[in-house]
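The next block holds one structure in the form of structure tokens; read it before the comments.
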């Protein structure tokens, strides 16, 4: 009984401290002068949730800094906010820096004061250092406000051309029209007859997409606000008979047997009874996990490492994520992608399990998994990556395997920092991207 009471008291203290942390954060942010120039230090989910759930977005934010943004990298954004390397802080002369981190706030504070000698105001959000953190703010606060409601609330247009099929393809589009002639040509060529297709636009409109949907008898979702996950959730909800759900971005160049190979991999891995499956993905050379498997399978590891260094598995900060030359090299080595895909199609069955965050530009999930997570997580307007971080975190925390089929290869055009170089490469080498 004594141990039970002790545990109960500890739990009550934990909850009390947690509430105090939230109250302190909200109070501190509300009292920031809205006329002062503010930089947020930290470019992760912590900052995304602060912008979504507090009044921080109403302040005069001039940028977000993060050590994972390289000084000479191409422009990157979180929503509407420019992201920079911390080395530029003094050159933009902010009045206030808000440290958006629990775990590293003291180290960041020391860096600002002692390494770059910042003279302005530095705000640390945490006053209680030995108890519960804001680390799980996203999940906990969303639960309080009803995550399910948040993930399905917003104005949208839906044009229904569903045939009530068991399979659904969702295509997220609206921002890379220069690729559509090639990427949508592949969708039309390879989508199977038993798959409903729904194109999703978030915060934008496109007559070209509307016309394409009409010509191909595809459904259409358009959300008023730029919330990618909301559009996906609406599309899935409006296709209630779809048990297998494929999701691809507009810059994915799918290949022959993309759909059948992902489903076949799911069913075979499920039958092995070794894993509970979260989602299945194809090999994509421009991907922090898949590139390593690609260069191993095609015997390119030594060549890659001589040119770009250690071929680390990672979802951030490595050449396949930030270096335009690395993206070009991977496209060169996988081209023609249809021939490379054919080689994998004809190999014996093989797959691997990704053990870290995975870039979800092309995946297949089961409807029950989507229902289990209460839909893809919706972030603030213009925010990208919230659903990816959330679904991968759920898989890790709940022992759900991220399965990569190694019998199908598709092309991912580029990540944000690689776009400019890849666009030049694309327009100078269109034949490499054309369907054979």
Quiz item: Taking the range 348-389 only, how many residues are assigned to a loop (DSSP other than H, G, I, E, B) and touching a strand residue (DSSP E or B) at 6+ places or on another chain (Cβ under 6 Å)?
Solution: 3
Quiz item: Within the range 272-279, is there a residue that is closer than 17 Å to residue 408 by Cα and not in a helix (DSSP H, G or I)?
Solution: yes
Exercise. Check the range 314-324 and report whether any residue there is over 17 Å from the mean Cα position of the chain (by Cα), at pLDDT 90 or above, assigned by TED's automatic domain parsing to the domain that holds residue 282 and surrounded by fewer than 20 Cβ atoms within 10 Å (Cβ to Cβ).
Key: yes
Practice problem: Taking the options 32, 62, 40, name whichever one is within 21 Å of residue 125 (Cα to Cα), at pLDDT 90 or above and either touching a helix residue (DSSP H, G or I) at 6+ places or on another chain (Cβ under 6 Å) or part of a helix (DSSP H, G or I) (or both). | Solution: 40
Quiz item: Pick from the range 105-154 the residues that are on the phi > 0 side of the Ramachandran plot and out of contact with any strand residue (DSSP E or B) (no Cβ under 9 Å at 6 or more places or on another chain): which of them is modelled with the highest pLDDT?
Solution: 117
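Could you please give the count of residues in the range 306-347 that are part of a loop (DSSP other than H, G, I, E, B), more than 14 Å from residue 291 (Cβ to Cβ) and touching a residue at least 40 places away in the same chain (Cβ under 8 Å)?
Narrowing the range 306-347 to residues part of a loop (DSSP other than H, G, I, E, B): 309-318, 323, 335-336, 346-347.
Keeping just the survivors that are more than 14 Å from residue 291 (Cβ to Cβ) gives 335-336, 346-347.
Remaining after also requiring touching a residue at least 40 places away in the same chain (Cβ under 8 Å): 335-336, 347.
Residues that pass the stated criteria total 3.
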Exercise. Kindly list the number of the only condition in (1) within 13 Å of residue 38 (Cβ to Cβ); (2) not in a loop (DSSP other than H, G, I, E, B) that fails for residue 94.
Key: (2)
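Does residue 365 count as in the same structural domain as residue 245 (by TED's automatic domain parsing), surrounded by fewer than 17 Cβ atoms within 10 Å (Cβ to Cβ) and closer than 21 Å to residue 396 by Cβ?
Working: in the same structural domain as residue 245 (by TED's automatic domain parsing): yes; surrounded by fewer than 17 Cβ atoms within 10 Å (Cβ to Cβ): no; closer than 21 Å to residue 396 by Cβ: yes.
It is false that residue 365 is in the same structural domain as residue 245 (by TED's automatic domain parsing), surrounded by fewer than 17 Cβ atoms within 10 Å (Cβ to Cβ) and closer than 21 Å to residue 396 by Cβ.
Do we have residue 275 as farther than 30 Å from residue 240 by Cβ, in contact with a helix residue (DSSP H, G or I) (Cβ under 7 Å, 6 or more places away or on another chain) and surrounded by fewer than 16 Cβ atoms within 10 Å (Cβ to Cβ) here? Break it down into steps so the answer makes sense when it comes.
Numbers: farther than 30 Å from residue 240 by Cβ: no; in contact with a helix residue (DSSP H, G or I) (Cβ under 7 Å, 6 or more places away or on another chain): yes; surrounded by fewer than 16 Cβ atoms within 10 Å (Cβ to Cβ): yes.
Against the criterion (farther than 30 Å from residue 240 by Cβ, in contact with a helix residue (DSSP H, G or I) (Cβ under 7 Å, 6 or more places away or on another chain) and surrounded by fewer than 16 Cβ atoms within 10 Å (Cβ to Cβ)), residue 275 does not qualify.
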Quiz item: Just to be sure, is residue 235 in contact with a strand residue (DSSP E or B) (Cβ under 9 Å, 6 or more places away or on another chain), touching a residue at least 60 places away in the same chain (Cβ under 8 Å) and assigned to a helix (DSSP H, G or I)?
Solution: yes
Exercise. Could you tell me whether the range 284-292 includes any residue that is surrounded by fewer than 16 Cβ atoms within 10 Å (Cβ to Cβ), in contact with a strand residue (DSSP E or B) (Cβ under 6 Å, 6 or more places away or on another chain), closer than 29 Å to residue 45 by Cα and modelled with pLDDT of 95 or more?
Key: no
Quiz item: Out of all the residues in the range 98-105, is one or more assigned by TED's automatic domain parsing to the domain that holds residue 41, farther than 24 Å from residue 52 by Cβ and surrounded by fewer than 18 Cβ atoms within 10 Å (Cβ to Cβ)?
Solution: no
Self-check item: Total residues in the range 377-398, condition modelled with pLDDT of 80 or more, buried (at least 19 other Cβ atoms within 10 Å of the Cβ) and either within 19 Å of residue 355 (Cα to Cα) or under 11 Å from the mean Cα position of the chain (by Cα) (or both)
Solution: 8
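The values are calculated or read from the model by the stated rules, or taken from the named source; none is laboratory data. Because the structure is predicted, anything quoted here is derived from the model rather than measured. Backbone-built Cβ (ideal geometry, glycine too); neighbour counts: all protein chains shown.
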